[in-house]
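The values are calculated or read from the model by the stated rules, or taken from the named source; none is laboratory data. Note that the structure is predicted; figures quoted are calculated from it, not measured. Reconstructed Cβ throughout: ideal geometry from the backbone, glycine too, with neighbour counts over all protein chains shown. Please note that ligands, DNA and RNA were not included when accessible areas were found on the heavy atoms of the full protein model with its side chains. Shrake-Rupley method; radii C 1.70, N 1.55, O 1.52, S 1.80 Å.
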Amino acid sequence: MNKQEENKLFKEMFFSSFILENCYNYERQQALGYAVAMWPAIKRFYKTKEAQAQALVRHMEIFNTTPHLVSFIMGVTAAIEKKASETKNFDYSIINNVKVGLMGPLAGIGDSFFWGTIRVIATGIALSMAQQGNILAPIVFLVLFNVPHLIIRYFGTAWGYKFGVSMISNAGDMNIMQKISKAANIVGLAVVGAMTASMVDLKTAFSFTISEQAFEIQKYLDQIFPGILALGYTMLMFYFLQKKKSATFLLLFTIVFAFVGTFIKAF
């Protein structure tokens, strides 16, 4: 692609990135929105319907990151997709490994910067104006929050694409790309592990009394293996997935498990 075509692609991907959280769900989270947002790149790089369909299916793997920085990941992905479309026997697992490796760290950065910093500052200024009766307070909030967001989101695609092209150029051959993929996969697994530890909370309320001394089982579990119940439940869900159980089954099982656990006062 020449410079003009690249800029046109970046603009299309910028606008399509705003549908990222359309059809957000607990099975694949932002995957559908991401796949559709990648369409401007996919339709350019792949010429057959079959190849385009395969690329869309590839991006239906679970994905979740801060929306404000997603365009950077899209740019990196587009660069690798372009390389894949030009390379015979390309290892397509590299694409998703790099995506997963980037989504966690950028989610942490994006949440801290946009939700934890920019939003708080914009809210403080807008609230101060609102207390003084200034009707422009909501507009000031939206401007202060969205101007940096839109600037970073707009240029993020180009930055990510250039980063991806540079990464591929420096990699040189598929062996180095495989190593990059493996490294990204390790980072992605670490991110998933951290998400499990921070987002899955399961504790037991079981206790027993000996000689008028109450023994709470959870206290001893925390001393021996903190989070073991949450890990055990996560592994149970993984077992169900291996048995080809649907996300609906997992959700219904969790609801029933919660009701039963609450009824018998186990959790």
> Residue check, GLN52 against (1) crowded, with 20+ Cβ neighbours inside 10 Å; (2) under 29 Å from THR248 (Cα atoms), all met but one. Which one?
Replying inline: (1)
> Of ALA31, ALA37, ALA51, which residue is of a type in the set (A, V, I, L, M) and touching a strand residue (DSSP E or B) at 6+ places or on another chain (Cβ under 9 Å)?
Replying inline: ALA31
>> Among the residues of segment 229-245, are any surrounded by 13 or more Cβ atoms within 10 Å (Cβ to Cβ) and over 24 Å from the mean Cα position of the chain (by Cα)?
In response: yes
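Between TYR34, TYR24, which is touching a His at 6+ places or on another chain (Cβ under 8 Å) and under 26 Å from ASP111 (Cα atoms)? First the steps, then the outcome.
Working: TYR24 fails: touching a His at 6+ places or on another chain (Cβ under 8 Å).
So the residue among TYR34, TYR24 that is touching a His at 6+ places or on another chain (Cβ under 8 Å) and under 26 Å from ASP111 (Cα atoms) is TYR34.
For LYS8, are the conditions met, namely being part of a helix (DSSP H, G or I), more than 13 Å from the chain's Cα centre (by Cα) and among the charged types (D, E, K, R)? Steps first, please.
Numbers: part of a helix (DSSP H, G or I): yes; more than 13 Å from the chain's Cα centre (by Cα): yes; among the charged types (D, E, K, R): yes.
Taking the combined requirement at face value, the residue satisfies it.
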> Just one of the numbered conditions (1) under 13 Å from LYS203 (Cβ atoms); (2) out of contact with any helix residue (DSSP H, G or I) (no Cβ under 7 Å at 6 or more places or on another chain); (3) surrounded by 13 or more Cβ atoms within 10 Å (Cβ to Cβ) is not true of PHE257; which one?
Replying inline: (1)
> LEU136 fails exactly one of the following numbered conditions: (1) surrounded by 14 or more Cβ atoms within 10 Å (Cβ to Cβ); (2) without any contact (Cβ under 8 Å) to a residue 12 or more places away in the chain; (3) among the hydrophobic types (A, V, I, L, M, F, W, C). What is the number of that condition?
Replying inline: (1)
> What are the residue pairs meeting all of these: first residue in segment 246-258, first residue in a helix (DSSP H, G or I), second residue surrounded by 11 or more Cβ atoms within 10 Å (Cβ to Cβ) and basic (Lys, Arg), Cβ atoms under 9 Å, and 6 or more apart or on different chains?
Replying inline: ALA247/ARG28; PHE253/LYS245
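Identify the residue in segment 36-49 that is open to solvent by less than 20 Å² (accessible area, probe 1.4 Å) and part of a helix (DSSP H, G or I) and, among all such residues, is nearest to LEU241 (Cα to Cα).
First, pick out the residues of segment 36-49 that are open to solvent by less than 20 Å² (accessible area, probe 1.4 Å): 37-38, 40-42, 46.
From the residues that got through so far, the ones that are part of a helix (DSSP H, G or I) too are 37, 40-42.
Numbers: ALA37: 27, PRO40: 32, ALA41: 32, ILE42: 29 Å.
By that ranking, first place goes to ALA37.
Residues to consider are PHE45, PHE145, PHE141, PHE63; find the one that is farther than 25 Å from LYS8 by Cα and in contact (Cβ under 8 Å) with a residue 40 or more places away in the chain.
PHE63
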>> Cβ-Cβ distance below 8 Å, separation of 6 or more or different chains: which pairs start in segment 72-95 with a residue that is assigned by the TED database to the domain that holds ALA158 and hydroxyl-bearing (Ser, Thr, Tyr) and end on one that is open to solvent by less than 40 Å² (accessible area, probe 1.4 Å) and outside any helix (DSSP H, G or I)?
In response: THR77/MET38; THR77/HIS59; SER85/TYR46
>> Given the criteria open to solvent by 20 Å² or more (accessible area, probe 1.4 Å) and either within 18 Å of LEU69 (Cβ to Cβ) or at pLDDT 95 or above (or both), does ILE151 qualify?
In response: yes
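Filter segment 201-228 down to the residues that are of a type in the set (Phe, Trp, Tyr) and open to solvent by less than 70 Å² (accessible area, probe 1.4 Å) and list them by number. Steps first, answer last, please.
Residues of segment 201-228 of a type in the set (Phe, Trp, Tyr): 206, 208, 215, 220, 225.
PHE215 - this is the single residue of segment 201-228 that is of a type in the set (Phe, Trp, Tyr) and open to solvent by less than 70 Å² (accessible area, probe 1.4 Å).
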>> Being open to solvent by less than 50 Å² (accessible area, probe 1.4 Å), at pLDDT below 85 and in a helix (DSSP H, G or I): is that true of GLY160 here?
In response: no
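Would you check which residues across segment 20-35 are closer than 18 Å to LYS99 by Cα and either among the β-branched types (Val, Ile, Thr) or not in a loop (DSSP other than H, G, I, E, B) (or both) and list them? Spell out the reasoning first.
Initial filter on segment 20-35 (closer than 18 Å to LYS99 by Cα): 20-21, 24, 27-35.
Scanning segment 20-35 gives GLN29, ALA31, LEU32, GLY33, TYR34, ALA35.
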